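**Q** Let me begin by handing over the structure; questions about it come next.
The values are calculated or read from the model by the stated rules, or taken from the named source; none is laboratory data. Keep in mind that this is a model prediction, so the values were computed, not measured. With ideal geometry, Cβ positions are generated from the backbone for all residues, glycine too; neighbour counts draw on all protein chains shown. These accessible areas exclude ligands, DNA and RNA; they are computed on the full protein's heavy atoms, side chains included. Shrake-Rupley method; radii C 1.70, N 1.55, O 1.52, S 1.80 Å.
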Amino acid sequence: MENDNYRASPLSNERLGQIVEDSASEVYVFSVEDFRFTLVNRGARENLQYSMDELRSLTPWDIKPGINETEFLELIMPLVSSELPVLHFNTVHRRKDGTEYDVAVQLQLIRSDDAPPVFFAAIQDVTNRNKIERELQDVSGRLNAILQNTRMAVFVMDDSQQCVFMNSAAEKLTGYRFEETQGRPLHDVIHHSYPDGRHFPLHECVIDRALPEENQVMGEETFVHKNGHFYPVGFTASPIRDDDGVAIGTIVEVRDISDELAARDAMHRFNDSLQIKVSEAIEERKRVEEQLLQAQKMEAIGQLTGGIAHDFNNLLQVIGGSLELLARDIGDNPRAQQRLENAMGGVARGAKLASHLLSFGRQQPLQPKSSNVGRLLLGMSDMLARSLGEAIEVETMASEDIWNCMIDSAQVENAVLNLAINGRDAMNGRGRLTIEASNAFLDERYASAHADLAPGQYVMIAVTDTGSGMSADTLERAFDPFFTTKEPGSGTGLGLSMVYGLAKQSGGHVNIYSEVGVGTTVRMYLPRTRSAEDTDVEAPFSHFPHQAGSAETILVVEDDAVVRTTAVETLREFGFTVVEAANAERALAIIESGTKVDLLFTDVVMPGTLRSPELARRAKQILPRMGVLFTSGYTENSIVHSGRLDDGVELLSKPYSNDQLFQKIGRVMAKIQKDILVQPNKPVKPETNVSQNCSWNVLVVEDEILIRMNLTEMLYELGAEVTEAGSLSEAQAAFTNGDFNIVITDISLPDGSAEHWVTELVNGGHQGVIISSGHPADGHLARHIAAKSVGILSKPYELSDVERCLAERQP
């Protein structure tokens with residue numbers, strides 16, 4: 001009764017209304033008849049932004065944009081039919097300003113006996129809650145995507161070390177599904193045994209220490225697959241902490257490292273192999289550096305000995321020539337003749353010493369021809385027997401099918417004789433000496449281990465003795481000039497040096513194998529030639545076709561006054577008319593003056609700007625039938641290239657005897673004597689297709705000196721005046737200071753390409769540009785050639801090609 005009285009009292013109704021009005025939930029009451037709102041509390045009004053008067057004209061579907069009237073009536077049907085006491089659903093409300101918010105609705109149909117039924121809705125604004133849930137779902141989705149798609153196996157264990165999560169990668173790795181491991185200690189499932197089958201106690205498991213020790217641990221272990229096989233893994237186990245920092249579980253990341261271990265093992269093997277290769281490369285580098293140092297040392301000594309030999313040969317020439325002239329004045333005095341012979345013997349020994357110096361320095365002018373080494377060695381038998389003595393047993397062997405090689409036979413004979421004498425001395429005059437010749441092939445591996453040696457086919461000459469042999473220290477210095485193990489006065493120390501220089505100068509190789517107490521073998525390798533053997537022998541010259549001195553005039557060019565005087569006196573003794581000059585410039589002036597000269601006898605190495613080869617070339621232009629004989633004790637590279645005399649060059653090496661001088665002059669004069677007798681020695685101008693009315697002033701631009709000299713000589717024969725340039729800067733300077741109607745230029749020059757300069761010349765109206773090149777032109781040059789703005793002289797070319805180009809550029 002008291003409760004009924006309380007609900008019926010006005011105070012109770014007022015209080016009830018206040019509670020509804022102030023409720024945190026939105027409260028809606030609407031009619032069953034027309035569904036218009038009859039009561040809406042303050043929270044709902046403020047959220048919707050409507051007044052109560054405005055709301056009395058609205059229905060639930062007016063503020064629910066997602067539900068129309070029909071849908072709403074169907075929605076509430078379970079309440080109307082009393083199937084449900086309360087209807088729960090989520091929807092959206094739209095505010096007066098058009099904005100919307102999420103709501104959770106609890107709708108009831110309240111019936112009473114003393115009042116008409118009404119709908120009562122208690123609504124929660126769940127916009128923020130929905131937003132948080134969506135964000136949580138998004139984060140959870142991403143996390144799940146990461147865990148399920150990562151290739152890393154992930155396990156989560158609780159504080160009892162029981163498995164509470166494993167991703168798909170973990171299932172694939174272990175062979176177990178999560179349902180099979182859930183709630184079980186992970187160690188007992190996949191880590192329970194050692195690979196040898198022994199039990200693996202939990203307290204020994206490093207992974208399980210992460211939780212009690214609250215430290216992250218990493219390492220490598222061996223797991224057991226569901227099928228029983230073992231596999232290596234790398235792991236990271238980290239404690240999971242709550243908000244207070246207390247460890248409540250463990251997360252374990254695991255990966256199969258089978259491939260990694262294999263790669264690691266391969267890397268170890270590779271590193272070991274690399275270390276070996278690096279060590280080998282370092283050793284190879286040290287060996288190459290030692291070879292380079294040895295080569296540089298030999299080169300430096302060679303240059304020094306070459307210079308010494310030059311001065312020494314000049315002195316010997318003065319002494320020898322003077323002694324031979326003196327021999328004519330001493331008459332029949334026996335004592336004087338004996339002394340003279342002793343002095344001449346000293347000159348001969350000095351000349352041999354100088355020759356060995358030049359051989360070592362690779363500056364001995366060689367006159368090679370295709371030779372059969374087997375026949376050469378067999379032909380030395382008598383000389384070897386006389387030189388070595390009866391106590392030395394000599395055996396010479398040569399292969400029947402031995403190849404020919406391009407050698408200077410006299411120099412090779414001298415080298416073999418030196419090796420034989422060295423062998424005799426090593427055997428103390430008694431023993432066995434074997435000389436062998438055979439074919440040999442040096443492969444790339446052997447060639448790469450020796451400086452300046454090309455792989456290929458060689459003819460090998462081996463000289464073996466049964467003497468005392470050499471120690472390692474002696475072998476290291478064996479080729480050094482003046483190094484000898486003989487007693488003082490018993491040797492010069494130049495024998496092996498001469499052999500070394502000859503082999504290198506001939507494009508070959510030499511090595512020594514020796515054992516102390518056993519003997520020594522020296523092998524000399526000479527490059528094979530496919531040319532037929534040259535069997536021509538030059539017969540000694542005995543007399544001139546006519547009385548010497550009746551017509552011949554010899555121009556002697558020598559910068560050393562004493563040597564020049566000796567040569568002049570000797571030639572006059574022979575009956576020649578002699579004119580002398582101290583340098584090439586003076587000699588050219590004599591020839592240009594019109595003086596009759598039949599033979600130019602010139603030293604090779606002289607001071608001044610005009611070199612002897614250039615003197616000879618220019619002199620031959622004036623006197624085409626004049627003979628040329630060079631002499632020198634040191635040829636440099638003027639008339640000798642790759643260790644060989646240039647074709648057509650005659651050389652008399654210092655020191656020479658009067659007989660050697662007579663013989664050499666006789667041979668040179670014999671070649672020209674017929675022309676001298678038939679026709680006076682005067683300049684001859686060749687007939688050409690080039691107009692003789694044209695005066696060609698040609699600028700030749702070429703950095704290769706031999707090519708430039710060859711082209712210049714051709715142009716001189718065609719009657720042109722020539723200026724030479726070896727670089728682009730030289731050419732530009734010469735062109736600026738000269739007046740050239742023809743420019744013949746290579747494109748690739750040491751200081752840049754001539755393409756831009758050629759284009760400037762063509763654009764400037766120059767019509768005499770000729771490109772000399774061995775490569776096809778492109779770019780602007782190709783267009784100039786197509787337009788015939790420039791000529792093209794393709795390498796290699798002949799005199800007729802040069803003549804054609806000049807004719808094409810002829811205005």
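**Q** Apply the Karplus parameterisation 6.51 cos²θ - 1.76 cosθ + 1.60, with θ equal to phi minus 60°, to every residue of the range 503-518 and state each ³J(HN,Hα) to the nearest whole Hz, in sequence, with x for glycine and proline.
**A** Each residue of the range 503-518 in turn: 4, 5, 5, 8, x, x, 7, 9, 9, 10, 10, 8, 10, 4, x, 10 Hz.
**Q** Going through the cross-link list Lys64/Lys131; Lys286/Lys369; Lys620/Lys664; Lys369/Lys596; Lys369/Lys620; Lys504/Lys671, which pairs have a Cα-Cα distance over 30 Å in this structure?
**A** Lys286/Lys369; Lys369/Lys596; Lys504/Lys671
**Q** Given H placed on each backbone N at 1.01 Å, which residues far from Lys369 in sequence or on other chains put an amide H within less than 5 Å of it?
**A** Ile407, Asp408, Ser409
**Q** I've got another one for you. Please list, ordered by chain and number, the residues whose modelled amide H lies under 5 Å from the amide H of Trp696; skip anything fewer than 5 residues away on the same chain.
**A** Residues meeting the criterion, in which the H sits 1.01 Å from N, are Glu721.
**Q** With the alpha-carbon atoms as the only input, what is the per residue convex hull volume for the range 181-274 in Å³?
**A** 130
**Q** Related question: Share of the range 731-771's accessible area from carbon and sulfur, percent, 1.4 Å?
**A** 47
**Q** Here is a further query. How large is ³J(HN,Hα), in whole Hz, for each residue of the range 332-346 in order, when computed from phi with the Karplus curve 6.51 cos²θ - 1.76 cosθ + 1.60 and θ = phi - 60°, using x for Gly and Pro?
**A** 9, 6, x, 5, 5, 5, 5, 5, 5, 5, 4, 5, 5, x, x
**Q** Test of the criteria: in the range 115-179, which trypsin sites (Lys or Arg not before Pro) are in a DSSP loop and have at most 11 other Cβ atoms within 10 angstrom of their Cβ?
**A** When the trypsin sites (Lys or Arg not before Pro) of the range 115-179 are filtered for loop state and at most 11 Cβ neighbours within 10 Å, Arg151 remain.
**Q** Could you give each residue of the range 166-171 its phi-based ³J(HN,Hα) in whole Hz, using Karplus coefficients 6.51, -1.76, 1.60 with θ = phi - 60°, and x for Gly or Pro?
**A** With the stated coefficients, the range 166-171 comes to 8, 7, 5, 5, 5, 5 Hz.
**Q** Could you look at the range 75-229 and say what percent of its accessible area is carbon and sulfur, using a 1.4 Å probe and all protein chains?
**A** Accessible surface attributable to carbon and sulfur in the range 75-229 totals 52 percent.
**Q** Right, here's the next one. Excluding ligands, DNA and RNA, what is the solvent-accessible area per residue of the range 15-110 at a probe of 1.4 Å, expressed in Å²?
**A** About 54 Å² of surface per residue is accessible.
**Q** Give me the accessible area per residue for the range 129-280, probe 1.4 Å, as a whole number in Å².
**A** Per-residue value: 62 Å².
**Q** So, by mean Cβ neighbours within 10 angstrom, what's the order for 409-420, 579-590 with the highest one leading?
**A** 409-420, 579-590
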